[in-house]
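Working notes for the structure below.
The values are calculated or read from the model by the stated rules, or taken from the named source; none is laboratory data. If you're wondering where the values come from, they're calculated on a predicted model, not measured in any experiment. Note that each Cβ is placed from the backbone with ideal geometry, even for glycine, and that neighbours are counted across all protein chains shown.
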Amino acid sequence: MSGAMSRAGQGGADDPGLARARTRLAWTRTALSFAAIGGVILRHDLAAGFVVLGLSALVWGVGRLAGVPGRAGDRRGRLLVIALAVTAVAAVALALALFGPQTAGLRL
Amino acid sequence: MGNVPRTPAGKETPTDASGPANPAPPGPPVPPAADAPGVEPDARFTFANERTFLAWIRTALALVAAGLAIVQLLPPFHGIRWGRHAIGIPLILLGAVIAVFSYIEWDANQRALRRGDPPRHSRLPRLLAVIVGLVALAAAVLALISG
């Protein structure tokens, strides 16, 4: 491996081990997961689906703040919002499962 | 991770190390913040803890999606009206539980990092394995009963 490639893999002085970049990618994957489940819910309930899709935008926005230096309390608040958002999505999914229209399922 | 390298809050030590397995040399200790006692750990440990939290969050979302898909998309079991709900709803509930506990574990691990203690043992993998195993067993029984 050349010296330049080695330095790129290690992220340089401002991002050693590319920890910040990897964390931002993890946030992006999480936002995509929200968007995917928002699409699933959209098929059954338009309003709830759009709310979950909005949450995916929120997660993406919070992820942009990852790596920005700040107080520990700021990070705690951001992650608490994400945990509560997933709990809310689970509550919506539970309501749809219990009270939503009963379907015949997919016939393959 | 008993000896966690410390760096000033928000700053990362210039190093050739590639991750927490090769921690940076210890920096000067930082006074404890008002909202979080202890010393700010190396930023790479903080990021690693955050990525673990995010991985659990994605697991929770996958469980919720799987539970909803089972209830809405799976063909009903013959003669068992509640069959799809018996499989799908535990997965949705497990997703909610994992979301809450992943935050609690992230917070506990972050506090441990700040104190220089080892991270606490996670109970989530065992919980996930047991519940998913039981749900799979229930699905197999329902499939056999319904013929």
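Apart from one condition, A:Ala19 fits all of (1) surrounded by fewer than 18 Cβ atoms within 10 Å (Cβ to Cβ); (2) modelled with pLDDT of 85 or more; the exception is (1).
Residue-by-condition table, conditions (1) modelled with pLDDT of 90 or more; (2) not in a helix (DSSP H, G or I):
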site	(1), (2)
A:His44	no, yes
A:Leu53	yes, no
A:Gly67	no, yes
A:Gly70	no, yes
A:Arg75	no, no
A:Arg78	no, no
A:Leu94	yes, no
A:Pro101	no, yes
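Among B:Ala136, B:Ala108, which is the only one that is within 26 Å of A:Thr103 (Cα to Cα) and of a type in the set (Gly, Ala, Ser)? Outline the logic, then answer.
On the way: B:Ala108 fails: within 26 Å of A:Thr103 (Cα to Cα).
It is B:Ala136.
In the stretch A:78-105, the residues that are within 15 Å of B:Ala96 (Cβ to Cβ) form Cβ pairs under 9 Å with partners that are crowded, with 21+ Cβ neighbours inside 10 Å and basic (Lys, Arg), at six or more places apart or across chains, as follows: A:Ala97/B:Arg84.
Among the residues of the stretch B:107-130, those that are away from chain A (no Cβ under 14 Å) and in a helix (DSSP H, G or I) comprise B:Pro125, B:Arg126, B:Leu127, B:Leu128, B:Ala129, B:Val130. With the condition kept exactly as written, say whether any residue in the stretch A:30-40 is modelled with pLDDT of 90 or more and touching a Lys or Arg at 6+ places or on another chain (Cβ under 8 Å). Within the stretch A:30-40, one or more residues are modelled with pLDDT of 90 or more and touching a Lys or Arg at 6+ places or on another chain (Cβ under 8 Å).
Quick test for you: out of B:Ala65, B:Ala69, B:Ala99, pick the one residue that is within 18 Å of A:Leu80 (Cα to Cα), surrounded by 15 or more Cβ atoms within 10 Å (Cβ to Cβ) and among the small types (Gly, Ala, Ser). First the steps, then the outcome.
Working: B:Ala65 fails: within 18 Å of A:Leu80 (Cα to Cα); B:Ala69 fails: within 18 Å of A:Leu80 (Cα to Cα).
Only one candidate qualifies: B:Ala99.
Of the residues that sit in the stretch B:21-50 and are surrounded by fewer than 18 Cβ atoms within 10 Å (Cβ to Cβ) and under 16 Å from A:Arg76 (Cβ atoms), which one is modelled with the highest pLDDT? Checking each candidate, the answer is B:Pro37.
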